[in-house]
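Chemist: My questions all concern the structure below.
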């Protein structure tokens, strides 16, 4: 067994995982329409490869990646491309984003080029990373960072450990738990393929101690392989934070503004590992995922495997609809999830849960004054003083907040959770981060404008100068000519002599 | 089944069941045993004084909120004014006249808290501000202690007499006594021997159970300790300030007793007497006026403990808890600036850590 190191702060919110954790993964019937956004990942949006009206097969690439950090998107089922246009995003803003709308034909016909690899371990690490990138796999724990990029870190960093982050520390969510229980062989195989790509021998699979069934299943599946350890970590939010889990397992702290790769560790989610397994063994791109649907306002909480692009509405209908019309709809967990403005939005690669919270669950009293109890300081896993950040942000002192570590905040929301005064600390901090980012952009724009303006005035000046010089040149030439003519008139003899 | 509204909230969408009124209520609950004991022990005059102080505090709070144009209902019943008055009352001589309680409540709520902007804004502990102001303004009334005369006992005053004492219309000479700290200090100053003094006046068991004379709610070390441990167990307060405070007092007392046993009593004497325990668990731990970081709280508690001992040993007053807490309150902003937690991934100076790679690649 490996030693589990302590991490700073953290909270113990009510897990409420029992609502859905007992429900086996069930497949969602094909929806009538799928809305597949071109940007379901961090980085540049994908570029469409299909035309309106085109018939596509399941797994066929609909849009290709562009740039270094990007991911392609694939057809979640076979059918016809109804259109490529704007559709509301899976995002709190409710803004519309470029989206391909697909009408399923119900045949679920896979693309003929879908083919697995006999032995992924015979492939070079680069080839694995490339296939993972081609399959459109992104971090399925919620971050949606392109996995191909994250599997190709071998050349830049000295890596020694792959951590599979099965802690699933957000309350309510159970999709990773179910996947690890039901498909442990796939998860382990995917993790081994990832380790091969990263060039590491050591795989740690970490689960919070509230998931004994998944741990047992993984331990059984991993028994044949040396180098894989299934590790129990304490149930404490935010144990699933990459840096904190790495610290708990290795005792090493990731430096500020660095990656865990800087200390030799790469962290992936078990659902991502499973997607890698499917991509390599079966050749299947990422076209579906498992999602937890839960919350007090959900009639029948469940873990659902759904084609990407499924409207939230269809998912909710499958789970018996809402028992409370005024429920708060959330994408992700209740701690770091985003409110969703509408049930029309589609499910995307990074969405691991849809929660509908009842009025009782989301009760948020009116904020009271801060009594400086310091509980936010005690629980902050990043070592910040949230009450001070909050006070400065309220006073408009964003720079002061930055000087006190605002940008080191990972946004876990533990401070706001624990605050007896119900002060929306996480919201204040997020607001300030956004404001600082906007200011930085404005500053950059200003500097750029200034640079361009200066260049322009320099250019104008140069043109003026050139004109003036040309004018003077002409004047001089004219004068010289005149002088010459005059001279010629005055002394024709001399000219004649010449 | 439609939720077609703009989402304006940010997470988290779940929160603790804890609240400020609940915190205040738990502190009052923790104070209840020691308070009931004090009220029983000192009888009707003490009950009148306690009631008058609490009622006056609520009245002043309501008036101040009205004046400031703030909603009265919510703030009045957040429990903070009640708790302030409660703590103040516990620190008063039990048979002090009613107007001591009223003036104390006025100072605590108005000058101690509301002039700074109300809950959470005051730099100094309001109850201690009031206590110190009263001590300086009314030294006589604030140092007249009585020997315990429990309710229903022979020497206890009845309801009417109690009211008369609380109204200040009946002299209380018959029952006058002094606190242990006061007696020892006075008589040491007159050249008495510490050893005989302690054997005459200091009964550790009386200090533990609280059957000695003293302020209304400060006498029973045992009940205060139980209340304090309850607060630590329910996570209303952390152990840091009480432990640092009590530890420092005990350490200094032991040290000085070793150096000069003729003039300095030991740790037990200082821990059990006066307001040490009330101060350690209920007053120095006031969140508003104490530091927020773990190291800051340890330093704050240790500072309080050191000042308490210094004032008792060499200061002008026999008791120093109120002064010590106020002096350390003044240091709180400085401590909060100086002792912040280390940010994850950074060193204490705020620079990013150096990446640490294991020596051997497993």
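Chemist: Nearest 10 degrees is fine. How inclined is helix B:240-259 to the longest principal axis of chain B, computing both from alpha carbons?
Modeler: With rounding to tens, the tilt is 50 degrees.
Chemist: Shielding of B:345-354 by partners, i.e. mean partner chain Cβ atoms within 10 Å per residue?
Modeler: 5
Chemist: Further, regarding this structure: Using the Cα atoms as the points, what is the convex hull volume per residue of the stretch A:197-309 in Å³?
Modeler: In the stretch A:197-309, the Cα convex hull volume per residue is 170 Å³.
Chemist: Then there is this: List the pair-distance distribution P(r) of chain A, using every Cα-Cα distance, as the percent of pairs falling in each 10 Å bin from 0 up to the bin containing the longest distance, rounded to whole percents.
Modeler: P(r) for chain A, in whole percents per bin: 4, 17, 25, 24, 13, 5, 3, 3, 3, 3, 2, 1, 0.
Chemist: Determine, for each peptide in B:296-309, A:384-397, A:24-37, A:462-475, the mean count of other beta carbons within 10 angstrom over its residues, then list the peptides with the highest first.
Modeler: Output ranking for B:296-309, A:384-397, A:24-37, A:462-475: B:296-309, A:384-397, A:24-37, A:462-475.
Chemist: Let me have the relative contact order for chain B, percent, based on Cα pairs under 8 Å that are six or more residues apart.
Modeler: 18 percent.
Chemist: For the stretch A:323-391, just the Cα set please: Rg and Dmax, both in angstrom.
Modeler: Reported Rg and Dmax, both Å: 15.9, 42.
Chemist: Okay, next question. Could you list log10 I(q)/I(0) for the stretch B:1-133 at q = 0.17, 0.18 Å⁻¹, which the Debye formula gives when each Cα is one point scatterer?
Modeler: -0.88, -0.96
Chemist: How big is D for the stretch B:74-117, in µm² s⁻¹ as a whole number, if Stokes-Einstein is applied with the Kirkwood radius of its Cα pairs at 20 °C and 1.002 mPa s?
Modeler: Calculated translational D: 195 µm²/s.
Chemist: So how many Å³ per residue does the convex hull of the Cα atoms of the stretch A:367-488 work out to?
Modeler: Value for the stretch A:367-488: 111 Å³ per residue.
Chemist: Using alpha carbons only, what's the Rg to Rh ratio of the stretch A:293-445 with Rh from Kirkwood?
Modeler: 1.05
Chemist: What's the average, rounded to a whole number, of partner chain beta-carbon atoms within 10 Å of each residue's beta-carbon in A:253-262?
Modeler: 5
Chemist: Taking all pairs of different Cα atoms in the stretch A:102-223, averaging 1/r and flipping that mean, what Kirkwood radius in angstroms comes out?
Modeler: Computed over Cα pairs of the stretch A:102-223, the Kirkwood hydrodynamic radius comes out at 16.1 Å.
Chemist: Sort A:419, A:370 by Cβ crowding within 10 Å, fewest neighbours at the top.
Modeler: Going from least to most buried by this count: A:370, A:419.
Chemist: Evaluate the distance, in nm, between pseudo-label points positioned 7 Å from the Cα of residue A:464 and of residue B:314 along their respective Cα→Cβ axes.
Modeler: 7.7 nm
Chemist: Mean residue ellipticity at 222 nm from the helices of chain A, using -39,500 (n - 2.57) per DSSP H segment of n ≥ 4 over the full residue count, to the nearest 500 deg cm²/dmol?
Modeler: Theoretical 222 nm ellipticity from helices: -11000 deg cm²/dmol.
Chemist: Using every alpha carbon pair in chain B, what percent of pairs falls into each 20 Å bin from 0 up to the bin containing the largest distance?
Modeler: It works out to 28, 53, 15, 4, 0, in whole percents.
Chemist: Next up: Does anyone have the angle between helix A:125-134 and the longest principal axis of chain A? Alpha-carbon axes, 0 to 90°, nearest 10?
Modeler: 90 degrees
Chemist: Let me ask something else. If you look at just the Cα atoms of the stretch B:55-145, how large are its Rg and its Dmax in Å?
Modeler: 12.7, 41
Chemist: Which percentage, to the nearest 5, of the DSSP beta bridges contained in the protein assembly as shown is antiparallel?
Modeler: So the antiparallel bridges in the protein assembly as shown amount to around 60 percent.
Chemist: Between the stretch A:382-401 and the stretch A:352-372, what's the alpha-carbon centroid distance in Å?
Modeler: Comparing the Cα centres of the stretch A:382-401 and the stretch A:352-372, I get a distance of 21 Å.
Chemist: Please sort A:345-354, B:112-121 by packing, taking for each peptide the average over its residues of neighbouring beta carbons within 10 angstrom, highest first.
Modeler: Ranked from most to least packed, the peptides come out as A:345-354, B:112-121.
Chemist: Convex hull over the Cα atoms of the protein assembly as shown, averaged projected area in nm²?
Modeler: For the protein assembly as shown, the mean projected area of the Cα convex hull comes to 60.6 nm².
Chemist: Return the Cα extents of the stretch A:243-378 along principal axes one, two and three, sorted largest first, each rounded to a whole Å.
Modeler: 57, 48, 20
Chemist: Residue separation times 0.36 nm, minus the C-alpha to C-alpha distance between residue A:126 and residue A:113: what's the value?
Modeler: Length difference between fully extended and current span is 2.6 nm.
Chemist: Could I ask something else about it? Let me confirm one metric for peptide A:381-387, namely the mean number of other chain beta-carbon atoms within 10 Å of its residues' beta-carbons.
Modeler: 4
Chemist: Using the alpha-carbon atoms, what tilt in degrees (0 to 90, nearest 10) does helix B:80-90 show relative to the longest principal axis of chain B?
Modeler: So the helix axis and the longest Cα principal axis differ by about 30 degrees.
Chemist: In whole Å, what are the Cα extents of the stretch B:176-319 along the three principal axes, biggest one first?
Modeler: If we take the Cα atoms of the stretch B:176-319, the spans are 45, 30, 23 Å.
Every number here is computed from the coordinates shown, using simple stated rules; none is lab data. Since we're looking at a predicted model, the values are computed, not measured. Neighbour counts are summed over all protein chains in view; Cβ atoms, including those assigned to glycine, are modelled from backbone coordinates with ideal geometry.
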